[in-house]
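In what follows, a structure is listed as C-alpha cells, so that the remarks can point back to it.
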Amino acid sequence: MSQSPAASSIVDYNLFGEFGDLPDVMHCETIVARAALHDWEVTPHRHARLHQILLVSGGGGRARLEESEHRLEPALLVNVPLGAIHGFSFIPATDGWIVTLAGEMLDQILEPREGLRQVLGRPFVAPATEMVRAVMEQIHGEFAGRRFARAQVLRSLCGVLAGLAARAAEDHPAAEDHPAAEGRAPGALHKRFSSLLEAHFLDHWTVTDYASALAVTPVHLSRTLRAATGFAASRLIRERLIREARRQLVYTNLSVSAVAYRLGFDDPAYFSRVFALATGLSPRGFRDRRRQAGATGE
C-alpha cells in the first residue's frame, strides 16, 4: 500500500477523494464500486467531518489505521472515526460495503450517556456478526431506492449499525489494543479534552481556557492533540461548534439567527461568516442544499 512520505501530504477528503459536504442523509456503496476506481489502492487520507464503517464480505487486503496495519479478510468490520488517517490495499474484486455518516448524524443517533461515542471514536478492526452483514445489506438496498420515509429508515438502520460496531469492539477488546488506539490519547489528555469540549463548546472557550482547565500549557495541549488526531486544539474546537451548527440547520426549523444565538454567537452575521469560512457555504445555502437533497432522497 502506498503512502505519502510526509505527514503534510496527507489530504483531508470528505468521501474517498470527493470534496464538499455529504449530499445525502448518509452514503452507502460497495467496496468494489469505490476501490476499483483507484485500482484497489486507496492512499492514506482522512475525513474531517465524516465517520465510516466498512464490512468486508469477500476478498481481503490490508488496512492502515493511523500508525497500525491490519489484515483484511471476509467478515471483518473496520471502524474509521472522524479525523483518523486511513488507507486500504485491497485484493482485486474484494467486496463488501462502505457506510459513511456525517458528524451531525452521529450526534443524532448516539445517546451520549451510553458511551458509544467514546468506543466509536477510536479506529479498530473487529469480527462482524451475521446481524452486521444483514444490516449493511439493508442499508445498501434502502440507500439505492427512493421509497417514502427513506431518510428515516436510513437513520434508524445507521443507529443499529453504530450500536453493533461498538458492541463488536467491546466483545473483542484486542480489536482496540494496537498502537493507533494508544497513540490517539497520550496521557489521557485527549480524552479529558474531549469531555471538556462537549461540556463547554457552546461557551466558546479558547485554547487557553481548555489548557488552563487541564493544567497544561496551550502549546502542549495543541501538540498533544495534533499527535492524537492530526488537528490542533483550535481546529477541534471550531469543528465541534460547526458540527453542532450543521446539526441545528439540518434537524431544526430554527432561523439562522436563532441558530446563531443558540450556539452562543451575539452577532448572527459573524456566525454566518464563521460558518461560511469553515464550510464554503452560508448557513442558509447549506440548509437549502441539504433540504433539496432530502427532498430527492425521501
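The values are calculated or read from the model by the stated rules, or taken from the named source; none is laboratory data. A quick note: this is a predicted structure, and the numbers were derived from the prediction, not measured. FYI the Cβ positions are ideal-geometry reconstructions off the backbone, even for glycines, and counts take in every protein chain you see. The protein model used for the area step is the full one, side chains on, heavy atoms only, and it has no ligands, DNA or RNA in it. Shrake-Rupley method; radii C 1.70, N 1.55, O 1.52, S 1.80 Å.
Quick notes on this one:
- Unique match (being among the hydrophobic types (A, V, I, L, M, F, W, C), in a helix (DSSP H, G or I), under 21 Å from the mean Cα position of the chain (by Cα) and over 23 Å from LEU106 (Cβ atoms)) among ALA227, ALA245: ALA227
- Every residue from the stretch 96-141 that is in contact (Cβ under 8 Å) with a residue 60 or more places away in the chain and open to solvent by 40 Å² or more (accessible area, probe 1.4 Å): GLN108, PRO112, GLN118, ARG122, ARG133, HIS140
- Total residues in the stretch 78-108 satisfying the condition of being within 20 Å of SER195 (Cβ to Cβ), at pLDDT 85 or above and outside any loop (DSSP other than H, G, I, E, B): the figure is 1.
- Residue, most open to solvent (accessible area, probe 1.4 Å), within the stretch 36-65, restricted to residues that are part of a strand (DSSP E or B), among the small types (Gly, Ala, Ser) and in contact with a Gly (Cβ under 9 Å, 6 or more places away or on another chain): SER57
- Of the residues examined, ARG147 is not one that is surrounded by fewer than 19 Cβ atoms within 10 Å (Cβ to Cβ) and in a strand (DSSP E or B).
- For ALA48, the criteria (1) in contact with a helix residue (DSSP H, G or I) (Cβ under 9 Å, 6 or more places away or on another chain); (2) modelled with pLDDT of 95 or more hold in every case but one, which is (2).
- Those residues of the stretch 164-215 which are within 22 Å of the chain's Cα centre (by Cα), modelled with pLDDT of 80 or more and open to solvent by less than 30 Å² (accessible area, probe 1.4 Å), in sequence order: LEU164, ALA165, ALA166, ALA168, ALA169, LEU189, PHE193, LEU197, PHE201
- Tally, over the stretch 75-88, of residues that are open to solvent by less than 20 Å² (accessible area, probe 1.4 Å) and more than 15 Å from LEU236 (Cα to Cα): 7
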